[in-house]
Structures are given as C-alpha cells and as structure tokens.
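Single-structure report; data block below.
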Amino acid sequence: MSQSIKLTINNQAVGPIDVADGVMMIEFLHEYVNLTGTKFGCGAGVCHACTVLVDDEQGISEVVRTCINGVERFNGKRIRTIEGHAKQNSLGEITALSPVQEAFLEHFSFQCGWCTPGFVNESTALLERLKRKPIAKDQVEKVIEDALSEHVCRCTGYVKYYAAVKDLILNTKGLTL
Amino acid sequence: MISSHQRHFPRLKRIQNLLSHNLLLTLGLGLLACSSSAADDSNSSKSGDIARGAYLMKIGDCVACHTAVGGRELAGGLPFETPFGAVYSTNITSDKETGIGKYNYEDFFDAMHHGVGINGNLYPAMPYTSYSLLTDEDTKAIYAYLMSTKPIKQANRDNDVSFPFNLRFGLKAWNLVAHDAKIFTPSKDKSEHWNRGNYLVNALGHCGECHTPRDSLFAMEQDKHFQGAIIEGLEASNITPSELNRQNWTHGDLKSLFTKGYSRKGTVFGGMYPVVYHSFSYLTDDDMQAVSSYLLDTDEVIEPQALTFNGHKPELPGYTLYKGYCAGCHGQNGEGKPNVAPAMAGNATLDKASVHNVVAVMLKGINSQHYNSTTSFYAMPGYADELHDEQIRDLANYLRLTWSTQPGNLDVKTIHNLKEVILK
Ligand code: FES
Ligand code: FES
C-alpha cells in the first residue's frame, strides 16, 4: 500500500509524493526528499536527536521526534528541520546562521554534532516560546533544563549547550522580565 | 521516572473522597459510643520472626506511605493532600518518643486491625480495613520487625485538616458503620496455595483498597469485590477471576507482570508501577504462585492462546492515525518493542469492556518506568492537546477492532464524557 503525502518543509511546498506504508518521518526526510540533516540516533524515541518542529497556524511549534512518528502524522502540516534555520541567498548559499546556531558555535557546544539538530530545534522552540511569554531571570536555568533534559549528547557533557542557551536568553531583548 | 511522589498513591483519591463525602455524615454519628476492642490473644510478645516481618512489610508496601520524599525510611511525613488540608503519614520506626517504640503489642494490634492509635483514631488512609485480616502471628512478626528498626527521632507533623474534619470522633463513627474487622479464615474447599494467595492479596497486599468499588460510605463493596474502580483518572482494573480468565492471563503472565512490570498481556502503569517496583517484585516464587492461583482461581496450568490481531483495515480513519502516531513504538502490526512499548496484540487494557484506560493513556500518556539496569520503559507522550475527540474516537475504535475482542462502536459523546473525568 502507498499513500500520498503533501506538506510544507522549511517554507517550501513538498509533494504530493507517493510514500510506502510504514515509513517513519525520518526515513521520509532522508530517502524521499533528501534532507539528511536530521539525525537518527536511538531510533526508539529516547535520545531526541531526530526532533523537528511542527508549526501550527499561529506559528506555535511543537517539537516532535521523527524516528517514532510515521509520515502520516505530518501530512498537511508545516514543519521546520535543521536545514531551515540559517538564512540562505537565492543560490542556496548560507548567509547567516540563526542566533541559536551562532550561540552553539561560540560556546563550542558540540563536538561530533550528531545531537545538534535536535538541540537547535528544541532551543529555537524555547526561545520562540519565551518571546511570546517572557519569564523572570531566576527562572531561566530551570526552563532550559526542562526543555533540554531529554536531549542526549555523548560528546560534550551538556554544560556548553546549556550555557549557550542561557547566554542567548539573557542577552536577547524581550525574553526575560 | 515518576516526577512526583504523590503519583505513588492512587489511594489518595479515595481518601479525599472519603473525607469529603462522609465525615459530615459520620460526624453526626460521632457521639455514639465506640469501643476499640483489644486484641484477642495478644501478649506483648516481642518475639516473632524479624526477617519474616521484614518480608511482610515489603508485600504490604508500608515504606511507600511511611517515608517522605527524600526522607528517612519509615519515619513518616508523606503528605496526603485532601480538600480540607494535608494528612501526614506517621513515624513508625522504633523511636520511643516520636515513633511507635512505646507501643506494646496490643497497641500495635489495635492500630493495624482497628485503626486506633494510642493518640486516637487513624485516618483510613492507613488501610487497616484490609490489615484487620492479618493473622496474629504475622502482626507479631511485623511488630517484631518494626521494633528492631533503628529509632529515628522525627516528630510527626500535625495534620493540617481544618474544622470539623479534624475531629477524630468522626472516624470512630466511620469505623462503627463501615469497618468490619474480620478474622481471616481459610476456605476448606480451596487449595493451600489459593488460601495463601487470598491472604496475601486481600490482607497484606490490600489490593481491594483500589480494585474494589466503594459504597456511599466509601467502604469497600464486598459484593463487587475486585470489579474495578476509578482512581486519579485511571481505572484500577477488574481483577476478578472470571475477567482475568476471559482475557487468558496465565500464571506465567501474572508472574511476569508482578515481578518485571511487563507481560504478554501488556505492562503495568499508573499506580501499579510503584506497587510492582517497591513491593510485588519481592514476592517469593511460592507466594507468587499462590497469588496467581487465587487471582485466577485455579492451580491448573492455563494454556496461552494466540494474541489477537484481526488484520489492518486501511479504509478506517483510525488506520492513518495509528500509523502516524503509534506504530513507531507499538509496531506496524501492534507487535510492540521490548523495553520501549507494549504490544497492542493481546493487550489486556485494550481488551476490556471499559475503554476508560485506553482513552486516559492516549490523553495523558504514561510516565517512564525504570526497574533495573536492563529493564526500563520510556515515557509515552499524552495527546490531550493535539488529538481532538473525533480522532481519539477513531483511534480507540481502531485499536479495539484490530487487537481485541471488543467492538469499535465508541461515539464522540462517550469520549467527551470520559475526557471530563480523566482530565479533571
Ligand atoms: S533517534 Fe529519534 S529519539 Fe533517538
Ligand atoms: S556532540 Fe556528539 S553527540 Fe552531542
């Protein structure tokens, strides 16, 4: 059996594409649309390396793991993957990284980079949430921990990821009260 | 992991209900005389098998309630929130001043069997209505064990229960009308195993406190023994022999469920996880066999039947939902993934007349469960914010039609009504 899948990825309409039955979203991204930036870690929903953002009509995003969710869950939705964060020119060349990406570079947050797409997506969703609903400064560490605690990194020991996000939140206008 | 210690205590809801609905009623009866009868045959013997007492304490799961989060074992202080304020569990270490060190055996017997402590009546958060079935010998063993514990000086916290619910004579009245202290009598026409199981399940394990519905006085309705009841938004299942046998539980399935938390018929969740973790996983092989003989009402071997899978029906709306949301963990054909998610095929939660838990789990998810270094289950997300009532209906119907013997005839109204109870 196959099904027809249509969605918006990083602001571009994709599909309709015929997709075989039983295809997980990560496989669809890799094999059907050649977006290989989303990384496959545990494949069992534990490490959160494979997360992408699913945006609703109000632009509020949900962080979803692609290794345990079938492509059907994303049919008709708008999603963002790691490929959609940096600014690109008309030739597809990167002209500027997103603030979260910059912060991770500055803080040497990652080493092998396998977990990075997941951290970028989750941290981006967090920043967008704080923009809508700023928090007190003394809440920042807790909020970061709550958001990132499920993300596994085997290289850098988390501190530099957490420090980067903290730095970014405290130094971005409007995220804290 | 379980994030809040409160989740360990599904009985909490019962206590809240008990306090809210019945104290006013029983307060009215409070002036009636109430006698706290002394133990029949008790001599304040401190003898008894301490090791056996320690085992019995495990199976009774005493530590779970009598230890505060991060607190010293058995020193009490765990709050039970009620609409009228908090009731705190007490220090039951051997400390003479703040624990139960000054209790003689009769005092202890009265607390365990009649809910009467030396400072007055206990709130029925303490399951003395079940413990009253304990034999004298076992009560002595537990007493001996507690008296052998290291004394911990930790004053009991005053309950923050407000007037008039702080008047404990209401509890006396409740005891008078709702608590019927019985002596455990083995049934002659049942095997020794079965009788041992009955004792473990009903007296020590106090399973009925959650699995038996309550009457208007919130006493267990004995004619509906083990027929299931709603607690904290989940249904403590019907665990009568007829229901368990209908679902084809075998002795091995129950053993696996109680010792490892998972089985051919699914995993435990909600309030049963801490029960397995802290208590049942310590059952000896003999006692485990006794428990399953009693629950299944047979000592005979039960043949496992093939797990139900009626084949996919892609034309149904639930099919796409299943593939999109569930198949990644529960398997394309519902076969499950070891240590990640239970199978849908043969799943006892699906194969119940009541769809309550199926909907509750979809809406609220399941916390992750850790048993040991090789056995853990990852959390299941809840979809209350994402799936609307029609989708929950379609998915629940699909799961039932595909992997159980139940009909797929739920309507939106049923889901809507369930949601109100579950998300309350
Ligand atoms: S790869 Fe998806 S959670 Fe690990
Ligand atoms: S940088 Fe290697 S796993 Fe995180």
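The values are calculated or read from the model by the stated rules, or taken from the named source; none is laboratory data. Since the model is a prediction, treat every value here as computed from it, not as a measurement. Counting neighbours? That spans all protein chains shown, and the Cβs are built from the backbone with ideal geometry, glycine included.
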Condition broken by B:Asp110, with the remaining ones in (1) charged (D, E, K, R); (2) buried (at least 20 other Cβ atoms within 10 Å of the Cβ); (3) part of a loop (DSSP other than H, G, I, E, B) satisfied: (3)
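Consider B:His370 carefully, then state whether it is under 27 Å from the mean Cα position of the chain (by Cα), more than 23 Å from B:Ile422 (Cβ to Cβ) and either more than 10 Å from every other protein chain (Cβ to nearest Cβ) or in a loop (DSSP other than H, G, I, E, B) (or both). Outline the logic, then answer.
Details: under 27 Å from the mean Cα position of the chain (by Cα): yes; more than 23 Å from B:Ile422 (Cβ to Cβ): yes; either more than 10 Å from every other protein chain (Cβ to nearest Cβ) or in a loop (DSSP other than H, G, I, E, B) (or both): yes.
Taking the combined requirement at face value, the residue satisfies it.
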Residue identified as buried (at least 21 other Cβ atoms within 10 Å of the Cβ) and either within 14 Å of chain B (Cβ to nearest Cβ) or farther than 23 Å from A:Ile5 by Cβ (or both) among A:Thr95, A:Thr116: A:Thr116
Residues within the stretch A:58-88 that are within 10 Å of chain B (Cβ to nearest Cβ) and not acidic (Asp, Glu), tallied: 11
Residue check for A:Gly37: within 16 Å of ligand 2 (Cβ to nearest atom), among the small types (Gly, Ala, Ser) and within 13 Å of A:Thr81 (Cα to Cα): yes
Any hit, the stretch B:291-301, residues being more than 19 Å from B:Arg393 (Cα to Cα), in a loop (DSSP other than H, G, I, E, B), touching a Phe, Trp or Tyr at 6+ places or on another chain (Cβ under 6 Å) and away from chain A (no Cβ under 14 Å): no
In the stretch B:113-126, the residues that are touching a Phe, Trp or Tyr at 6+ places or on another chain (Cβ under 9 Å), in a loop (DSSP other than H, G, I, E, B) and buried (at least 19 other Cβ atoms within 10 Å of the Cβ): B:Gly115, B:Leu122, B:Tyr123, B:Pro124, B:Ala125
Of all residues in the stretch B:339-356 being out of contact with any Ser or Thr (no Cβ under 7 Å at 6 or more places or on another chain) and over 18 Å from B:Thr308 (Cα atoms), the one that is farthest from the other protein chains (Cβ to nearest Cβ): B:His356
Cβ-Cβ under 6 Å pairs, at least 6 apart or on other chains, the stretch B:53-82 side on the phi > 0 side of the Ramachandran plot, far side surrounded by fewer than 20 Cβ atoms within 10 Å (Cβ to Cβ) and part of a helix (DSSP H, G or I): B:Asp61/B:His278
In the stretch B:63-88, the residues that are in a loop (DSSP other than H, G, I, E, B) and more than 11 Å from B:Ala155 (Cα to Cα): B:Ala68, B:Val69, B:Gly70, B:Gly71, B:Arg72, B:Glu73, B:Leu74, B:Leu78, B:Pro83, B:Phe84
Any hit, the stretch A:57-73, residues being at pLDDT 95 or above and away from ligand 1 (no atom under 15 Å from the Cβ): yes
Identity of the residue in the stretch A:125-177, outside any loop (DSSP other than H, G, I, E, B) and touching a Lys or Arg at 6+ places or on another chain (Cβ under 8 Å), that ends up farthest from ligand 2 (Cβ to nearest atom): A:Thr176
Among residues of the stretch B:184-227, those that are over 17 Å from B:Tyr294 (Cα atoms), in a loop (DSSP other than H, G, I, E, B) and at pLDDT 75 or above, counted: 2
Top-ranked residue of the stretch A:3-61 - restricted to ones that are touching a Pro at 6+ places or on another chain (Cβ under 6 Å) and in contact (Cβ under 8 Å) with a residue 60 or more places away in the chain, ranked as surrounded by the fewest Cβ atoms within 10 Å (Cβ to Cβ): A:Lys6
Which listed residue, of B:Tyr383, B:Tyr398, is part of a helix (DSSP H, G or I) and more than 10 Å from every other protein chain (Cβ to nearest Cβ): B:Tyr398
Positions within the stretch A:85-123 being within 9 Å of the chain's Cα centre (by Cα) and either away from ligand 1 (no atom under 16 Å from the Cβ) or assigned to a loop (DSSP other than H, G, I, E, B) (or both), in sequence order: A:His85, A:Ser123
Selection within the stretch B:357-367 - more than 14 Å from chain A (Cβ to nearest Cβ) and surrounded by fewer than 21 Cβ atoms within 10 Å (Cβ to Cβ): B:Val361, B:Leu363, B:Lys364
Filter result for B:Asp95 (surrounded by fewer than 23 Cβ atoms within 10 Å (Cβ to Cβ), part of a loop (DSSP other than H, G, I, E, B) and in contact (Cβ under 8 Å) with a residue 12 or more places away in the chain): yes
Output for the stretch B:305-331, where each listed residue is buried (at least 23 other Cβ atoms within 10 Å of the Cβ) and more than 12 Å from chain A (Cβ to nearest Cβ): none
Boolean, A:Thr66 is surrounded by 15 or more Cβ atoms within 10 Å (Cβ to Cβ), polar (S, T, N, Q) and closer than 22 Å to B:Gly382 by Cβ: yes
In the stretch A:42-57, the residues that are more than 7 Å from chain B (Cβ to nearest Cβ) and in contact with a Gly (Cβ under 8 Å, 6 or more places away or on another chain): A:Cys47, A:His48, A:Ala49, A:Cys50, A:Thr51
Residue, farthest from ligand 2 (Cβ to nearest atom), within the stretch A:79-119, restricted to residues that are more than 26 Å from A:Cys67 (Cα to Cα) and of a type in the set (Gly, Ala, Ser): A:Ser90
